[in-house]
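Engineer: One structure, pasted below without further comment.
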Amino acid sequence: MARLFMPGPTDVHPDVLAAQNQPLIGHRGQDFEALFARLQPKLRQVFFTHSRVYISTSSGTGLQEAAIRNGVARKVLCAVNGSFSQRWYEVAVANGKEAVPLEVEWGKAVKPEMIAEALQAGGFDAITVVHNETSTGVVSPIKDIAARLHDRYPDVTILVDAVSSLGGDRIDFDAWGLDVLLTSSQKCLAVPPGLSFAAVSDRVLAKAKTIPARGLYFDFVDLEKYLVKNQTPATPAISLMWALDAALDRILAEGLEARFTRHARMADRVRSWAQQKFDLFAEAGYRSQTVTCVTNTRAVDVKALNGFLKSRGMQISDGYGALKGKTFRIAHMGEIQLKDVEELLALIDEFIA
């Protein structure tokens, strides 16, 4: 089996995989409620919130849709600086919302002044921003964006996608004053794919109650009704929730600050190597702690490189979408350790020598 230096799915620890093998339980019984009740405070620690964290049996894209359906009443500004922020704009359009894209050059971060200037057009009640744009390796300054909005546009709700960063980089939901913060199981949390999570503020929950046609599956109001009973509205992926429980125990045992430091050290190492051997796609000062997008200045055949790496038990990712072949991506998140990164870089050096 290849070690996965991909921005999802990531390697899953054997103990977490094994946790899925427990006998199934009914999702309307006390055993499930006990499991759910155990998960909630652990998730809140990872999200840095005293608020709720909804659990959805879906990909992160599902909770992008949930954020749009529940968090946008009139008009949404969608910051677009890569493939996944583009997808969120497309989700808004597909849900019949008045959506305006704020186009930012790929490889560049979304900055507070960009958001503030675009909001001057008026009529917006929400923004969407991807914290860590997986396709480009760019991290946008969500804390600063939120501070600018609280100062100048306090009624605009702040919807944040942290699919490839939450659990690997600090995002303080409460202190930064965010409204929706979503992520997926298969990235930094190092759980198999199939679950997603969203911290949701009181004001977005109140706002959702005023918005018609929120849909059924992703209705925050319905999710809240069941959350207070330690349940979910529909049948959840129970086996994955056992795995999540084990993974959260691992995360909290390591310690969040230690985990962030480990991810930062891996990011520093990969960036240093990339600048010596290739180049970096993301602009300086806004480079991801969890995935590095390397500009393919040597015109390396990425497919051949991955074939070589797979023969040695490792795998990276090609560039995403329009960046395929022009870049490649090395993820350093979840269970990956610095020694693993060193082994990977040595193999790439061997291939390009």
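Engineer: Near the amide H of residue 78, under 5 Å away, which other amide H atoms are found, from residues 5 or more places off or on another chain, if H is placed in the peptide plane?
Structural biologist: Residues meeting the criterion, in which the H sits 1.01 Å from N, are 100, 102, 128.
Engineer: Using Cα centres only, tell me the gap between segment 233-247 and segment 7-21 in whole Å.
Structural biologist: Cα centres, segment 233-247 to segment 7-21: 12 Å.
Engineer: Take the residue pairs 143/209; 97/143; 277/303 and return only those whose Cα atoms are more than 21 Å apart.
Structural biologist: Among 143/209; 97/143; 277/303, the Cα-Cα distance tops 21 Å for 143/209; 97/143.
Engineer: Give me the net charge of residue 182's neighbourhood, meaning all other residues with Cβ under 14 Å from the Cβ of residue 182; Lys, Arg count +1, Asp, Glu -1.
Structural biologist: Summing Lys and Arg as +1 and Asp and Glu as -1 gives +1.
Engineer: Given only helices, namely DSSP H runs of n ≥ 4 each adding -39500 (n - 2.57), what is the per-residue ellipticity at 222 nm of the chain, to the nearest 500 deg cm²/dmol?
Structural biologist: Working: 13 runs with 150 residues, N = 353.
Rounded to the nearest 500, it is -13000 deg cm²/dmol.
Engineer: Using θ = phi - 60° and the Karplus relation 6.51 cos²θ - 1.76 cosθ + 1.60, list the HN-Hα couplings for segment 96-102 in order, rounded to whole Hz, with x at every Gly or Pro.
Structural biologist: Karplus values, whole Hz, x for Gly and Pro: x, 7, 6, 10, 10, x, 9.
Engineer: So, counting K/R as plus one and D/E as minus one, what does the shell of residues with Cβ under 15 Å around residue 35 add up to?
Structural biologist: After counting each charged neighbour, the total is 0.
Engineer: Still on this structure, I have one more. Using alpha-carbon pairs under 8 Å, 6+ residues apart, how would you state the relative contact order of the chain in percent?
Structural biologist: Once normalised by length, the contact order is 25 percent.
Engineer: Where both residues lie in the chain, what percent of DSSP beta bridges are antiparallel, nearest 5?
Structural biologist: Just about 50 percent of them are antiparallel.
Engineer: Kindly state, to the nearest 0.05, the FRET efficiency for residue 353 paired with residue 326, given R0 = 30 Å and r defined as their beta-carbon distance.
Structural biologist: 0.85
Engineer: I've got another one for you. Just report the Cα centroid separation between segment 47-89 and segment 106-123, whole Å.
Structural biologist: Value for the Cα centre distance between the two parts: 18 Å.
Engineer: Once phi is turned into ³J(HN,Hα) by the Karplus curve 6.51 cos²θ - 1.76 cosθ + 1.60 with θ = phi - 60°, what whole-Hz value does each residue of segment 252-269 show in order, with x for glycine and proline?
Structural biologist: Residue by residue, segment 252-269 yields 6, 5, 5, x, 4, 5, 5, 5, 5, 5, 4, 5, 5, 5, 5, 4, 4, 5 Hz.
Engineer: Let's see if you can work this out: charge +1 on each Lys and Arg Cβ, -1 on each Asp and Glu Cβ, no other charges. What is the dipole magnitude of segment 14-252 about its Cα centre, in debye to the nearest 20?
Structural biologist: 360 debye
Engineer: Compute the FRET efficiency between residue 98 and residue 151 as 1/(1 + (r/R0)^6), taking r as their Cβ-Cβ distance and R0 = 22 Å, and round to the nearest 0.05.
Structural biologist: Plugging the Cβ-Cβ distance into 1/(1 + (r/R0)^6) gives 0.35.
Engineer: Where does the charge balance sit around residue 13 when Lys and Arg score +1, Asp and Glu -1, over other residues with C-beta under 9 Å from its C-beta?
Structural biologist: Residues near residue 13 contribute -2 overall.
Engineer: Show me, for segment 198-213, the HN-Hα J-couplings you get by feeding each phi into the Karplus relation (A = 6.51, B = -1.76, C = 1.60, θ = phi - 60°), rounded to Hz, glycine and proline as x.
Structural biologist: Listing the rounded values in order: 9, 7, 9, 6, 4, 6, 6, 4, 5, 5, 4, 5, 9, 9, x, 6 Hz.
Engineer: Amide H of residue 291 versus every other amide H placed in the peptide plane: which residues, excluding those fewer than 5 positions away on the same chain, fall under 5 Å?
Structural biologist: 332
Every number in this text was worked out from the coordinates using simple rules, so none of it is lab data. Everything numeric in this text was worked out from a predicted model, so none of it was measured. Quick reminder, even Gly has a Cβ in these numbers, built from the backbone with ideal geometry, and neighbours come from all protein chains shown.
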